[in-house]
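In what follows, a structure is listed as structure tokens, so that the remarks can point back to it.
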Amino acid sequence: MLPYSWLIPCFPLLSFALIIFFTIKKPRLSSLVSIGAVALSFLFSFIVLVTVLGNPVTSEFKINWLDLPGFKVEAGMLIDPLTAVMLMVVTIVSMLVQIYSVGYMAGDSRFSRYFSFLSLFTFSMLGLVLSNNFFEIFIFWELVGLTSYLLIGFWFEKKTASDAGKKAFITTRTGDLAFLVGIFLLTTTVGTLNFQEAFHQVESGAISSTLLTLSAILIFGGAVGKSAQFPLHVWLPDAMEGPTPVSALIHAATMVAAGVYLVARLMSIYALSVPASLVVAIIGAFTAFLAASIALVQNDIKRVLAYSTISQLGYMIMALGLGGYTAGTFHLMTHASFKALLFLGAGSVIHSMHTNDIWEMGGLYLKMRTTAITFILGSLSLAGIFPLSGFWSKDEILLLALNKSPIFALVGLAVAFMTAFYMFRLCFIAFYGKARDQHKFEHAHESPKVMTVPLVILAFLSVFAGWVGIPWLSKGYSTFVYHHEVHHLEPNFILMLVATFVALSGIYLAYVIYYKGTISAERLKNRFSSIHKLLYNKYYFDELYNAIIIRPLFKLADFLFKKFDLGVIDWLVNAAGNFTVFLSWFWELFDTYVVDGAVNGLGYVVRGTGAGIRKVQTGQLQNYAFVIFFGIVLIILLKIF
Amino acid sequence: MENGTQTAVFYILSGLIVGSAFMVVSLKNIFHSALFLVLCFFSVAGIYILLSAEFVAAVQVLIYVGAITVLLIFAIMLTAQLYSPSIRQSNEQVIPGIIIVGTLLIVTLSVLRRTSWRISTQGIEGQSTVSIGKSLLTTYVLPFEVVSLVLIAALIGAIIIARRE
Amino acid sequence: MPSLYHYLSLSALLFCIGIFGALTRRNAIGILMAIELLFNAVNINFVAFARFIDPQAIVGQVFTIFVITIAAAEAAVGLAIIILIYRQHKGVDVDKVNIMKW
């Protein structure tokens, strides 16, 4: 079965082509084609998972693509437990999001195109997950970036949406440049693009530790861009301009996890470079804290979730930086389920309220029971409440951090507290209390079945998906996905209790402030107005980048245009033009007398020769027969003498 | 027949063949050419008998002398008035023709001279007619049928081609 | 008794005369006659080989029968074509039939 895994990304690719070329005019058919394709991929991924579960080895299938002297590019697949898990995550979320989109995007004028983009994205993401070499993963990496751009700017009539698309693309490109340089540095040193061969070379010490650290950090740059880590995190909140299901699929569950996946895939390299893994861990921890603190005060439901995503991705990156291959990817998996759920839930709310502002919502529990219950389940899971998925994966990371370096564990606990707080601030404001906008409240309604059923499935996953990683299981996630050898950490009860207490206190604080109103949010805001302002404006990152990068670039461009373009380049262009005019005058003379003469002369020669030779062609068969027999006689003569 | 007689007959027949063939290709009157062609065909039939191929000789007389020559004479009479000037025909390119044909003859004869043939000393047993009949309906039945088809096709083709619209 | 060489030489001579005719005759019917001479030369070859090389198998003679049959067919078709040419060009002189020349 495994050798046929290449079919998994091919189904969505086929669906993309079908929709673009044939069914673009038939929205309903397009969505069916797209969902059918991803369902097939899901089926195949499931078979792959079962196969790999039965025999957890790393298998590689490859063909030579370009075979140049000294340089070989392969096209292939690398299938190990991590790949199998990622395939499942991508296909499940993609399938549910596509089903959900049928309801969410109903009536959109570019419905078919939307599904073709989703198919293309799914293809790229699956290809990325299956890649077995740097070249291939880079191609899919860029394809994923492209589809992300297309989908963020899907409603391109809206200026903020098209701007957000460009911002996402350019920001991630910055990281990708580092990624590319890192790939060059690493692969030229070890002499192969293939992951496993490269790991082998690195482990046998074919590359100096300085170079290894440098290339590892540069490659991590790519992950920083894709996974929206500090300092390239600014694009993800803006990416929320895209359709909400897209945010759920790309900017919560799959694409942003690509950075995490990349670091996990290259664990062999990071494991050998202590400074590089330290950088990874610090960036992760810092981002987790930074983003969580921003999320505390945001008022846009999707932005809260976006910052939450950044923060959780930071969590995973931190775990990977601390060497927690298992913990990081485990959190990736559980996070994909509950964050996709939260986004789709938010989408359901937005669909019904036509607003993103949580202060215009309120009391929605009464109107949208399914959405509310599933959303709260997702929040509980994200906050890390026993025994939901999030609890187990978060606990795994905290345990790892405690064993490696307690500072990271402290950061992790702080982030957990903030996470619980901002999620339940959201829940209490949006779903409880009284309706703040009576008009919108009255028009609110539960979303259609096609949207709520994916919510229920995801809620189920949010509760139970993490159970595969319960630390007391003798055969669980940690004995399936691991790097080199199983790292079994002793479960720590005290840590579990502390983590639960922290999460519960976060929820309680939110309850006290936003449900009971015992502590006035207004007064807190005024008391800490400077901090609030700082957080509300996202630490002024956008303004900072604007001031130190974008504005100077504009100035430089302006200066270059005025002085250099108008002065130097135009002059050069004009001079070149004049020179060309002169040259062409000269060549015209040459053409008329020399070239034409030669051409005509040749013509005369050919015509003359033809006139002479045509006499041979008499049209008399017998003349030709003469020649034939003459030839036969000659041949026989040659043969016998 | 005696060896001596055989040799004499061979030379007489050969002389007749070569002579009449030469007449066929050189006479001005095409009707006379056709008559010499008949003589040539008869002599070839004689050669076949000398080679103990009686059946082939009979076929030669029937088809060539009986059918083809008659066909040719019909064609001559259809295309020209006998004793009219147009029945005259001429040869052209005679000198180059002689040169090429002469070279070919010399070359062929010298090749024949050089080649050593695997001559069998066995004689012919029984009637060749019987064995030809048998092999035509057993071993060569497929070519036999194919040839009959070719004949039909030629027949129909000739009619179609020569038909007046 | 004449040997194989004699028969083959006779055949070669007849063949050369036939070729000479085919090359030099201007009358289409004359060319056809020359071609019949070529067939006869070939047939003499076949029968002679059948007699001298392998007298038991009469393959050469059978083949001669086939050749004669095909020759008859060829003569029929050829003469039909000549009749057609005669109608088109009011003559059977191949010099006048030079539509291959452009």
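Since every read-out is calculated from the coordinates, none of them should be taken as a lab result. These numbers were taken from a predicted model, which means no experiment stands behind them. For neighbour counting, all protein chains shown are included, and Cβ atoms are generated from backbone atoms with ideal geometry for every residue, glycine included.
Close amide H partners of residue A:363, meaning residues 5 or more places away or on another chain with modelled amide H under 5 Å apart, are A:431, A:432, A:433.
Plainly put, the range A:373-431 has a radius of gyration that is 1.05 times its Kirkwood radius, both from alpha-carbon atoms, as the Rg/Rh ratio.
When the alpha carbon gyration tensor of the range B:1-51 is reduced to an equivalent ellipsoid, the three semi-axes, largest first, read 25, 10, 5 Å. Cα-based values for the range A:1-133, radius of gyration first and Dmax second, are 16.2, 54 Å. In chain B, taking the dipole from charged Cβ atoms about the Cα centre, the farthest positive-side position among B:77, B:10, B:97 is held by B:97. Computed about its Cα centre, the charge dipole of the protein assembly as shown is approximately 1460 debye, with only Lys, Arg, Asp and Glu carrying charge at their Cβ.
Electrostatic tally near residue A:259: other residues with Cβ closer than 12 Å to its Cβ, Lys and Arg +1, Asp and Glu -1, net +1. A Förster radius of 56 Å, combined with the Cβ-Cβ distance separating residue C:70 from residue A:68, puts the computed FRET efficiency at roughly 0.35.
Stretching the chain fully between residue A:405 and residue A:550 yields a gain of 48.4 nm (0.36 nm per residue, less the alpha carbon separation).
Available extension along the chain between residue A:445 and residue A:492 is 12.4 nm, counting 0.36 nm per residue and deducting the alpha carbon span.
A helix-only calculation puts chain A at -23000 deg cm²/dmol for mean residue ellipticity at 222 nm, using -39500 (n - 2.57) for each DSSP H run of at least four residues, averaged over all residues. Here the range C:14-58 is scanned for amide nitrogen atoms under 20 Å from the site 7 Å beyond the Cα of residue B:139 along Cα-to-Cβ, giving C:43-58. Potential lengthening of the chain between residue A:359 and residue A:58 amounts to 103.3 nm, from the contour at 0.36 nm per residue minus the alpha-carbon distance.
Residues with amide H under 5 Å of residue A:483's amide H, sequence separation 5 or more or different chain, H placed in the peptide plane at 1.01 Å from N; which? Amide H to amide H, under 5 Å and 5 or more residues apart or across chains, residue A:483 pairs with A:326. Entry for the range A:178-337 at q = 0.09, 0.10 Å⁻¹: log10 I(q)/I(0) = -0.29, -0.35, Debye formula applied to identical alpha-carbon scatterers, no solvent contribution. Whole-Hz Karplus values for the range A:78-92 come out as 10, 10, 9, x, 4, 4, 4, 4, 4, 4, 4, 4, 5, 5, 5 Hz, taken residue by residue from phi with 6.51 cos²θ - 1.76 cosθ + 1.60 and θ = phi - 60°; glycine and proline positions read x. Computed from the C-alpha gyration tensor, the three semi-axes of the ellipsoid equivalent to the range A:333-411 are 31, 13, 10 Å, from longest to shortest. If you take the Cα centroid of the range A:411-445 and the Cα centroid of the range A:608-636, the two points sit 100 Å apart.
Across the options A:292, A:640, A:101, the greatest Cα extent toward the positive end of the charge dipole of chain A (unit charges at beta carbon of Lys, Arg, Asp, Glu) belongs to A:101. The H on the amide N of residue A:133, modeled in the peptide plane, is under 5 Å from the matching H of A:195, each at least 5 residues off or on a different chain. Could you derive backbone 3J(HN,Hα) for the range B:28-43 from the dihedral phi with the Karplus parameters 6.51, -1.76 and 1.60 (θ = phi - 60°), listing whole Hz in sequence and x where the residue is Gly or Pro? Result, ordered by residue: 6, 8, 5, 5, 5, 4, 5, 5, 5, 4, 4, 4, 4, 4, 4, 4 Hz. Helix content alone sets the calculated 222 nm mean residue ellipticity of chain C: runs of n ≥ 4 DSSP H residues at -39500 (n - 2.57) each, divided across all residues, give -27000 deg cm²/dmol.
The simple Förster model, with R0 at 51 Å and r as the Cβ-Cβ distance, assigns residue A:206 and residue A:536 a FRET efficiency of 0.50. From least to most packed, judged by other beta carbons within 10 angstrom and beginning with the fewest, A:10, B:40, C:16 follow the order A:10, C:16, B:40. Treating each Cα of the protein assembly as shown as one equal point scatterer and applying the Debye formula with no solvent, the log10 of I(q)/I(0) at q = 0.04, 0.10 Å⁻¹ comes out as -0.46, -1.04. Taking label positions 7 Å along the Cα-Cβ direction at both residue A:17 and residue B:109, the computed distance is 7.5 nm, reported to one decimal. Beyond 21 Å, the tail of the calculated P(r) for the range A:288-380 holds 37 percent of the Cα pairs. In plain terms, the C-alpha convex hull of chain B casts an average shadow of 14.3 nm² when viewed from every direction. For the range A:380-396, putting each phi into the Karplus relation 6.51 cos²θ - 1.76 cosθ + 1.60 with θ = phi - 60° gives couplings of 4, 5, 5, 5, x, 8, 4, x, 6, 3, x, 4, 5, 6, 5, 4, 4 Hz, in residue order, rounded to whole numbers and with x for Gly and Pro.
When each of A:240, A:88 is scored by the number of other beta-carbon atoms lying within 10 Å, the sequence from fewest to most is A:88, A:240.
For the range A:1-53, the Kirkwood hydrodynamic radius from C-alpha pairs, put into Stokes-Einstein at 10 °C and a viscosity of 1.306 mPa s, yields a diffusion coefficient of 137 µm² per second. For A:404, A:538, A:226, the sequence from fewest to most other C-beta atoms within 10 Å is A:404, A:538, A:226. The C-alpha atoms of chain A define a longest principal axis, and helix A:27-54 lies at about 80 degrees to it.
Computed over Cα pairs, the Kirkwood radius of the range A:207-290 leads via Stokes-Einstein (0.692 mPa s, 37 °C) to a diffusion coefficient of 244 µm² per second.
To the nearest 10 degrees, how steep is helix A:325-353 against the longest Cα principal axis of chain A, on a 0 to 90 scale? Rounded to the nearest ten degrees, it is 80.
Do any of A:615/C:96; A:302/A:339; A:159/A:440; A:339/A:434 go past 22 Å between their Cα atoms, and which? Over 22 Å apart, Cα to Cα: A:159/A:440; A:339/A:434.
Considered as an equivalent ellipsoid built on the Cα gyration tensor, the range C:4-89 has semi-axes of 30, 16, 4 Å, the largest given first.
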